[in-house]
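Visitor: Take a look at the following structure, please.
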Amino acid sequence: MFPKEWLSAKPIESFSTSVSAPANIAFIKYWGKKGPQLPANPSLSLTLSESRTLTEIDFKLQNKLSVELWFEGKRAESFEKKTLDYLISLSQSIPVLGQYHYKIQSQNTFPHSSGIASSASSQAALALCLSQLMARATHTGVDWNVASSLARLGSGSACRSLKGSFVVWGETSRVPGSSDEYGLDVTKLIHSSFHNAKDCILISSSKEKEVSSRAGHGQMKEHPFAQSRFVQARENFSQMWDGLLKGDWEKVGELMEVEALTLHALMMTSNPGYILLEPSSLEIIRLVRLFRKESGVPVYFTIDAGPNIHLIYPESAHAKVEPFVRHELIRFTENGNGVIWDQMGLGAK
Ligand code: DP6
């Protein structure tokens, strides 16, 4: 899976680099995995522009592996432990990675307390920094597929935050070149009416999640509906793909909502079941559907593994969606001001 030059690469004395990587929002959800962090079904996401993690790493050669991780100016021990475990596991295939001290400084452009999943942007940023180190050590360029695979091993959805505005992860006969190992940039295939799609993120609650995504994926192993979910995800993917190619917002939007509610239904029907949605999340969903019905504006919702609602709509609808959010929805968000205005982005840099 890694380039063969990486396996026998010689270390360099020191190296510093910095990367900014975006969050992404899945239209078709990855929920359930197999093998070495491979997805049980293909997923598809929109890359965001404003919600990002900025990571700077100083690599210093030594005879063992150690990590010092600063998040928003403070030493962050839980991230440090997670990153150390990740690097130890990578160094088993890429020995040179076991010979550095890593000083990592990271920050998010969105408020840390906003409850937005940040593992995708932070793991993507870390993976691209590592790819740059290895490119320098082996006198090669950065291979985006390899960078995406490295990100995937940190957090599955992170492999969709490297390159491209629309990214497919998971092998499907509908998308030539798609792979379980890495995310594929499919932006060029997507109808222009989806370009510059907007994502207005409504923060219902920024409380720490009761159950992590990792644990939620784990519960899919024993889930009574797992197999039918994986069949349904493939069917939804295929139908949504047709809609994305044709510019059919209604079809894509309706399937996006089915995916979001299915994800939360799977959580509720796990054993033990759990609920991440807040009463305010449900109220927002109700109002969005009512607004769409009455106004005809193509605005749809999706939800990640948390209570926050993402409104997805074409750029041309912004003038109508903005006042709707300000007058009708904002009061259901945390402290009455929990809104992030985001849109389609291009990937990591
Ligand atoms: C609901 O990628 O956070 O956001 O691979 O265990 O790190 P791990 O899980 P993660 O799961 C994301 C789940 C999701 C859906 C999605 O982004 O496709």
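Visitor: Among the strands (runs of 3 or more DSSP E) confined wholly to segment 249-349, which include 2 or more residues that are closer than 24 Å to GLN232 by Cα and touching a residue at least 24 places away in the same chain (Cβ under 8 Å)?
Guide: 300-303, 309-313
Visitor: Given SER205, SER238, which one is in a loop (DSSP other than H, G, I, E, B) and either touching a helix residue (DSSP H, G or I) at 6+ places or on another chain (Cβ under 7 Å) or of a type in the set (S, T, N, Q) (or both)?
Guide: From the options SER205, SER238, the qualifying one is SER205.
Visitor: Here's something else I'd like to know. Mind checking whether some residue in segment 4-14 is surrounded by 17 or more Cβ atoms within 10 Å (Cβ to Cβ), away from the ligand (no atom under 16 Å from the Cβ) and either over 30 Å from GLY170 (Cβ atoms) or of a type in the set (D, E, K, R) (or both)?
Guide: Checked against the condition, which is being surrounded by 17 or more Cβ atoms within 10 Å (Cβ to Cβ), away from the ligand (no atom under 16 Å from the Cβ) and either over 30 Å from GLY170 (Cβ atoms) or of a type in the set (D, E, K, R) (or both), segment 4-14 yields at least one hit.
Visitor: Also, quick follow-up: Just checking, does segment 53-71 include any residue being within 16 Å of the ligand (Cβ to nearest atom) and either open to solvent by less than 10 Å² (accessible area, probe 1.4 Å) or assigned to a strand (DSSP E or B) (or both)?
Guide: Checked against the condition, which is being within 16 Å of the ligand (Cβ to nearest atom) and either open to solvent by less than 10 Å² (accessible area, probe 1.4 Å) or assigned to a strand (DSSP E or B) (or both), segment 53-71 yields at least one hit.
Visitor: Of these, SER212, SER270, SER206, which one is open to solvent by 10 Å² or more (accessible area, probe 1.4 Å), within 14 Å of the ligand (Cβ to nearest atom) and modelled with pLDDT under 95?
Guide: SER212
So that you can scan it fast, the table gives a plain yes or no per residue for (1) of a type in the set (Ser, Thr, Tyr); (2) within 25 Å of GLY32 (Cα to Cα):
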{"residue": "THR138", "(1), (2)": "yes, no"}
{"residue": "ARG152", "(1), (2)": "no, yes"}
{"residue": "GLY156", "(1), (2)": "no, yes"}
{"residue": "ARG174", "(1), (2)": "no, yes"}
{"residue": "ASN196", "(1), (2)": "no, no"}
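Visitor: Which residue out of GLY177, GLY164 is at positive phi and away from the ligand (no atom under 16 Å from the Cβ)?
Guide: GLY177
Visitor: Could you run through segment 23-37 and say how many residues are assigned to a strand (DSSP E or B), in contact with a helix residue (DSSP H, G or I) (Cβ under 9 Å, 6 or more places away or on another chain) and closer than 19 Å to ASP185 by Cβ?
Guide: Of the residues in segment 23-37, 5 are assigned to a strand (DSSP E or B), in contact with a helix residue (DSSP H, G or I) (Cβ under 9 Å, 6 or more places away or on another chain) and closer than 19 Å to ASP185 by Cβ.
The values are calculated or read from the model by the stated rules, or taken from the named source; none is laboratory data. What you are looking at is a predicted structure, and each value in this text was computed from that prediction instead of being measured. Every residue, glycine among them, receives a Cβ derived from its backbone with ideal geometry; neighbour counts consider all protein chains shown. Keep in mind that these areas ignore ligands, DNA and RNA; they rest on the heavy atoms of the full protein, side chains included. Shrake-Rupley method; radii C 1.70, N 1.55, O 1.52, S 1.80 Å.
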